[in-house]
Amino acid sequence: MKAFTALTAAELRLLSRDPASLFFMVAFPLMLLVLKRGDGGAVPGYLAMIAAIGGMGALPGLLASYRERKVLKRLATTPISPILLLGAQLVSQVAAGLAGSALLVVVTVAVFGARAPGDVLMLTAAFLLCSVMACALGFVIAAVVRNTRGASLIGMLVMFPMIFLSGAAVPRKALPGSLRQIGDFLPLTPAVEALGGAWSGTAVPFPLLILAGIIVAATATGAALFRWE
Amino acid sequence: MEAIEVTDLRKSYGDTRAVDGVTFTVRAGETFGIIGHNGAGKTTTVECLIGLRRADAGTVRVLGEDPARRRRALAHRLGVQLQDSSLPERIKVAEALRMFGAFYRDASDWRRVMERWGLRPLARKAFGDLSGGQRQRLMLALALVGNPEMVVLDELTTGLDPIARRETWRLIGDLKAAGTTVVLVSHYFDEIEALCDRVAVLARGRVAATGTTGELVARTGTASLEEAYLALEGADR
Ligand SMILES: Nc1ncnc2c1ncn2[C@@H]1O[C@H](COP(=O)(O)OP(=O)(O)OP(=O)(O)O)[C@@H](O)[C@H]1O
Ligand SMILES: [Mg+2]
């Protein structure tokens, strides 16, 4: 536990020193909110976006660079298990996303006077699932694509269309029918639905179940394919 | 007691036979050197000792354990410096030492390790901003922060300036005095002579000879370890 805490603390500190992560997980969603004039209805989508940026935008490149630069190899000679390292990465990405999200929600309500989220507990749970799912998908990308640049690039290529087609960046109602259909099959779509439900205070158990299923499947796939070297 | 027993170790990468029947033992408390040409199989041997690689054949016992099976249990008792590894670019020297210290059951005080290895002035510097020799020094300090019974150092002083090298020798001397078993890979004869109780000469994945410097010199009828090495390498070629 001491080892895990130390690893997670170090990873969080590193994340807080990364200007790109800070910008995309904290400043960027706030900017979008300002552009939307504090429209509370857009916020659940932005929360999904924050999770996607951390898990799929940042995590694959980070993991691949740890592998390529033999950081993982050095850690493998210590008593910590490699699983612990992945766990610390996950916890720090989720925690950073949660902090960015909390700030966004507080600003939405306190500064723009939007209605407070209907079910804060459910919203938190939905965000956690959404963030863990994005990290699990990022883990699969880092397992399949071996070099750092490739993993970052593929992470972005998966993340951006997903953000636009799942309703995270723009409401799906605004999309043409064919694009909307693609969105039906993207894992971020149930995430947006779950967050949206919790935001308005209606229970949406089905999307949450789907998210949990994706987490299990992606983690199993990643674990089967991931190589430490 | 033998701290390390390696018997007929073999390891190939595809068609490359990196280690092709290596046998040696290291006694507890001994400082043991491994020397050999580039690609001789030194790093591969060392990585089998610390459980990073699984041998194709042969047996390896380290502190009474099989490193391939008991890597994590052994890791508490082993300090390792790899020939080629790094840390996250933005981690600071003090943070790295503190974090590694937290990994071990019976760690030394990381601040004292930082002090002893002359890293205090660099405490707040990021790994990515360190010079090559400074990184090397940090990696050595990280190998020792867990207060290990045995250390395995691959290319101990490569990249260190002459003063840092002598300083490192002195610190290895302290480890010896404290009874720590040391395995070190080196390309420097002066270093081997100054530090090691015994040496193994590796050539093309095999042990060309093992013994004290004096024994190797006597066996080859030469005048120095360097000449003995060249004679052993040449004879094997
Ligand atoms: N990961 C790998 N994949 C394929 N071949 C490898 C790998 N690692 C080492 N080899 C090969 O195995 C042989 C032994 O390599 P090793 O790194 O053990 O040598 P070494 O004695 O440590 O050399 P050096 O003094 O250059 O560090 C070399 O021919 C090398 O090319
Ligand atoms: Mg080597």
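The values are calculated or read from the model by the stated rules, or taken from the named source; none is laboratory data. Since we're looking at a predicted model, the values are computed, not measured. FYI the Cβ positions are ideal-geometry reconstructions off the backbone, even for glycines, and counts take in every protein chain you see. Accessible surface is based on the protein model in full, side chains and every heavy atom, while ligands, DNA and RNA are left aside. Shrake-Rupley method; radii C 1.70, N 1.55, O 1.52, S 1.80 Å.
Quick rundown of the values:
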{"quantity": "Matching option when the condition is within 14 Å of chain A (Cβ to nearest Cβ), open to solvent by 10 Å² or more (accessible area, probe 1.4 Å) and not charged (D, E, K, R), among B:141, B:123, B:102", "calculated": "B:102"}
{"quantity": "Candidates B:49, B:63, filtered to the one that is touching a residue at least 40 places away in the same chain (Cβ under 8 Å), away from ligand 1 (no atom under 16 Å from the Cβ) and either in contact with a Leu (Cβ under 9 Å, 6 or more places away or on another chain) or assigned by TED's automatic domain parsing to the domain that holds residue B:2 (or both)", "calculated": "B:63"}
{"quantity": "Matching residues, segment B:107-120, being within 14 Å of chain A (Cβ to nearest Cβ) and open to solvent by 100 Å² or more (accessible area, probe 1.4 Å)", "calculated": "none"}
{"quantity": "Residue satisfying all of: in segment B:177-189; away from ligand 2 (no atom under 16 Å from the Cβ) and within 18 Å of residue B:140 (Cβ to Cβ); farthest from the other protein chains (Cβ to nearest Cβ) among these", "calculated": "B:177"}
{"quantity": "Looking only at segment B:28-38, and only at residues there that are open to solvent by 10 Å² or more (accessible area, probe 1.4 Å) and touching a residue at least 40 places away in the same chain (Cβ under 8 Å), the one that is nearest to ligand 1 (Cβ to nearest atom)", "calculated": "B:37"}
{"quantity": "Residue B:87 without any contact (Cβ under 8 Å) to a residue 60 or more places away in the chain, within 16 Å of ligand 1 (Cβ to nearest atom) and facing chain A (nearest Cβ under 10 Å)", "calculated": "no"}
{"quantity": "Which numbered condition residue A:74 misses (of (1) charged (D, E, K, R); (2) open to solvent by 10 Å² or more (accessible area, probe 1.4 Å); (3) facing another protein chain (nearest Cβ under 10 Å))", "calculated": "(2)"}
{"quantity": "Any chance residue A:196 is buried (at least 19 other Cβ atoms within 10 Å of the Cβ) and at positive phi", "calculated": "no"}
{"quantity": "When residues of segment B:48-76 are limited to those that are more than 28 Å from residue B:133 (Cβ to Cβ) and in contact with an Asp or Glu (Cβ under 6 Å, 6 or more places away or on another chain), the one nearest to the other protein chains (Cβ to nearest Cβ)", "calculated": "B:74"}
